[in-house]
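Undergrad: Pasting in a structure now, in structure tokens, and then I'll have a few things to ask.
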Amino acid sequence: MPAPVSQTASFSRADQAVAWLAPRGAEMEALLNRFVSIDSYSHDKAGTDAMGEAVAEALAADGIVVTRIPNPTFGDVIRAEVAGHSDGPYALL
């Protein structure tokens, strides 16, 4: 019996993600190392901004449009926009 369409689509997306990530192991490890090396916590604006900048640079390097929305108290908000259209929900990280 074939899998429902939604499960088939999910596996297809997962397979695509794995195929994209597989040759980038060293790159992803370096990026993870950069992220965990940044001293940041919720109430440390400078550290949180440094983490936001690292994430923004990584996203921009893949052609993702990034906008910084200043926050005077906590870390600035990083808004990333991926080209295309989806009827699915937005992601807030």
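The values are calculated or read from the model by the stated rules, or taken from the named source; none is laboratory data. Because the structure is a prediction, the values reported are computed rather than measured. Here Cβ is always computed from backbone atoms with ideal geometry, including for glycine, and neighbour counts include all displayed protein chains. Just the protein is used for accessible areas: all its heavy atoms, side chains included, with ligands, DNA and RNA removed. Shrake-Rupley method; radii C 1.70, N 1.55, O 1.52, S 1.80 Å.
Undergrad: So which residues in segment 35-57 are in a helix (DSSP H, G or I), among the aliphatic types (A, V, I, L, M) and surrounded by 11 or more Cβ atoms within 10 Å (Cβ to Cβ), if there are any at all? Give the steps one after another, and end with the answer.
TA: At the first step, the residues of segment 35-57 found to be in a helix (DSSP H, G or I) are 35-36, 45-57.
Within this subset, residues satisfying the condition of being among the aliphatic types (A, V, I, L, M) are 36, 46, 50-51, 54-56.
Within segment 35-57, Ala50, Met51, Ala54, Val55, Ala56 meet the criteria.
Undergrad: Does segment 58-76 hold any residues that are open to solvent by 70 Å² or more (accessible area, probe 1.4 Å), closer than 18 Å to Lys45 by Cβ and in contact with a strand residue (DSSP E or B) (Cβ under 9 Å, 6 or more places away or on another chain), and which are they?
TA: Kept after step one, since they are open to solvent by 70 Å² or more (accessible area, probe 1.4 Å), are these residues of segment 58-76: 61-62, 65, 68-70, 72-74.
If we keep only those that are closer than 18 Å to Lys45 by Cβ as well, we get 68-70, 72-74.
Once the filter is applied, which keeps residues that are open to solvent by 70 Å² or more (accessible area, probe 1.4 Å), closer than 18 Å to Lys45 by Cβ and in contact with a strand residue (DSSP E or B) (Cβ under 9 Å, 6 or more places away or on another chain), segment 58-76 yields Arg68, Ile69, Pro70.
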